[in-house]
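The values are calculated or read from the model by the stated rules, or taken from the named source; none is laboratory data. Bear in mind the structure is a predicted one, so any value in this text is a computation, not a measurement. Ideal geometry is used to build each Cβ from the backbone, glycine not excepted, and the neighbour counts take in all protein chains shown. The area values use the complete protein model at the heavy-atom level, side chains included, leaving out ligands, DNA and RNA. Shrake-Rupley method; radii C 1.70, N 1.55, O 1.52, S 1.80 Å.
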Amino acid sequence: MTRVRSITCMFFLICSITLNVLMITLFFGGGCEKRWTKLAAEEAENVASISCSGHGRVFLDSLGAGIGKPICECNACFKGSDCAEFVPDCVVDADSGDPMFLEPFWLKHASSSAVVVPGWHRMSYEFNDCSLISKELKMHIRKLHATVGNANTDGRYMIFGAGATQLLNAAVHSLSSHDYPSSPSRIVASVPYYPVYKEQTQFFQSNNYKFSGETSMLKDNMDSLSNYIEFVTSPNNPDGQLKKAVLQGPSVTTIHDLAYFWPHFTPIPAPADEDLMVFTISKLTGHAGSRFGWALIKNEAVYQRMLAYMSLSTHGVPRETQLRVLKLLKVVLEEKGREMFEFGYEAMRSRWKKLGKVLSISKRFSLQDLEHQNCSFSKIFRAPSPAFAWLKCEREEDKNCFEVLKTSNIIGREGSLFGAESRFVRLSLVKSQDDFDLLLQRMETLVAFEEK
């Protein structure tokens with residue numbers, strides 16, 4: 001009897017230990033409930049391990065990825081299954097402002113910037129407070145501006161948009177004359193201005209506003225019956241200059257486009273403290289494809305009109321985008337932002353040094369002047385390192401600089417699109433290292449040809 005009782009007790013003890021081990025395993029991540037995160041990570045890492053010879057990239061949604069045979073997406077001027085084949089006579093695209101120069105930073109921080117999004121993540125139209133924006137993300141954006149010192153967020157409302165592009169028109173719509181359609185608000189900007197201001201205004205064909213050209217043309221000739229909306233881009237796109245509003249008076253409102261007002265592009269002399277300021281993640285972290293921007297607005301009525309515009313046009317920014325941006329900002333804020341901004345600044349400064357050296361011996365081409373300023377963020381006296389070179393063709397016969405560069409297979413953006421002379425052309429310096437190296441080689445050839 002004692003022997004039977006002993007065997008029975010031993011059986012239940014073994015069952016109890018086995019059950020406890022199983023429960024612990026399930027609870028701490030080895031079970032089916034946690035398995036999906038491991039599978040998602042393995043899938044992402046398998047794709048990331050494909051090198052494409054250093055001249056391309058494979059993504060989770062690349063062609064062929066669904067059947068386990070993803071195809072490399074090659075950088076410009078490279079081709080082949082692994083992007084190893086160089087195309088010598090290719091066209092160098094220096095038109096796009098695609099900010100790929102920060103990609104190496106994010107490759108280095110692949111783990112800390114990764115986001116796993118489950119299928120059930122925030123399926124609702126709204127957050128549980130009935131809003132369209134993440135409170136946590138809003139808090140991190142305010143913290144970012146305080147850390148960098150580039151904008152005063154106190155007493156400002158915040159709104160999210162699908163990049164700065166959507167927010168710019170939301171601002172124009174909200175500031176324009178809705179009560180007097182016979183006298184639409186006049187949209188102006190200083191030359192050279194970002195072409196989207198004109199293109200977007202004309203595209204929507206609103207009765208409430210119209211594009212009226214260069215600011216300086218109206219400074220001393222303002223119509224007392226009209227309202228004016230001035231775009232101020234600082235640093236300016238295309239020439240990188242820090243700008244201030246030109247027009248003054250009770251009939252003038254201003255939209256400050258501060259997309260490039262970050263330490264990797266310009267010294268930060270003091271925080272911007274304007275009534276309506278627009279920023280974008282694309283020029284901050286390089287994630288242009290995420291289509292995320294934000295506006296800081298002082299006037300509540302303007303904020304409410306912009307909020308209505310966003311709600312009726314897209315009903316907010318996707319929750320997945322907001323989640324990704326939150327994760328990116330957490331990485332940016334590590335070490336008080338020093339690592340990412342120093343990486344970006346050194347990358348841009350290096351490119352400007354190389355391009356400046358090539359063009360320093362040229363009599364045919366010149367670059368914009370860039371003045372040194374104190375930077376409150378880096379605590380140094382430094383020159384700007386803008387996203388774009390504003391190149392001028394100096395020869396009398398080179399009346400169209402875009403066409404001059406095109407003969408050497410360089411595609412920039414025509415100066416006339418910015419309201420400037422055709423002697424100017426904008427060259428993007430923020431693309432991938434392959435793109436910049438090819439642009440530099442072509443410019444070296446053009447300058448060398450001057451001596452022949």
Subject >> Residue among SER111, SER81 that alone is open to solvent by 30 Å² or more (accessible area, probe 1.4 Å) and assigned to a helix (DSSP H, G or I) >> reply: SER111
Subject >> Residue among ARG156, ARG122 that is surrounded by fewer than 17 Cβ atoms within 10 Å (Cβ to Cβ) and of a type outside the set (A, V, I, L, M) >> reply: ARG122
Original post:
Does at least one position in region 344-353 carry a residue that is over 19 Å from the mean Cα position of the chain (by Cα) and without any contact (Cβ under 8 Å) to a residue 40 or more places away in the chain?
Top reply: yes
**OP:** Tell me which residues, restricted to region 288-329, are open to solvent by 30 Å² or more (accessible area, probe 1.4 Å), within 24 Å of PRO104 (Cβ to Cβ) and touching a residue at least 12 places away in the same chain (Cβ under 8 Å).
**Re:** ARG291, LEU323, ARG324, LYS327
Subject >> All positions within region 384-398 that are under 17 Å from GLU450 (Cα atoms) and touching a strand residue (DSSP E or B) at 6+ places or on another chain (Cβ under 8 Å) >> reply: LEU391, LYS392, CYS393, GLU394
Original post:
Which ones in region 199-240 are in contact with a helix residue (DSSP H, G or I) (Cβ under 7 Å, 6 or more places away or on another chain) and surrounded by fewer than 14 Cβ atoms within 10 Å (Cβ to Cβ)?
Top reply: PHE204
**OP:** Go through ALA151, ALA189 for me and flag whichever is in contact with a helix residue (DSSP H, G or I) (Cβ under 8 Å, 6 or more places away or on another chain), under 26 Å from GLY289 (Cα atoms) and touching a residue at least 60 places away in the same chain (Cβ under 8 Å).
**Re:** ALA151
Original post:
Within region 186-198, is even one residue surrounded by 15 or more Cβ atoms within 10 Å (Cβ to Cβ), aromatic (Phe, Trp, Tyr) and in a loop (DSSP other than H, G, I, E, B)?
Top reply: yes
Original post:
Out of (1) at pLDDT below 95; (2) open to solvent by less than 30 Å² (accessible area, probe 1.4 Å); (3) in contact with a strand residue (DSSP E or B) (Cβ under 8 Å, 6 or more places away or on another chain), the odd one out for PHE127 is which?
Top reply: (3)
Subject >> Residues located in region 356-378, provided they are within 21 Å of LEU405 (Cα to Cα), touching a residue at least 40 places away in the same chain (Cβ under 8 Å) and open to solvent by 100 Å² or more (accessible area, probe 1.4 Å) >> reply: ILE361, LYS363
**OP:** Quick one: which helices (runs of 4 or more DSSP H) lie wholly within region 248-334 and hold at least 3 residues that are touching a Ser or Thr at 6+ places or on another chain (Cβ under 6 Å)?
**Re:** 300-313, 319-332
Subject >> Flag if LEU391 is assigned to a helix (DSSP H, G or I) and under 22 Å from ASP98 (Cβ atoms) >> reply: no
Original post:
Does at least one position in region 90-98 carry a residue that is modelled with pLDDT of 95 or more, open to solvent by less than 60 Å² (accessible area, probe 1.4 Å) and either of a type in the set (Asp, Glu) or within 21 Å of GLY337 (Cβ to Cβ) (or both)?
Top reply: yes
**OP:** Would you be able to tell me the number of residues in region 336-355 that are under 18 Å from PHE436 (Cα atoms) and open to solvent by 20 Å² or more (accessible area, probe 1.4 Å)?
**Re:** 9
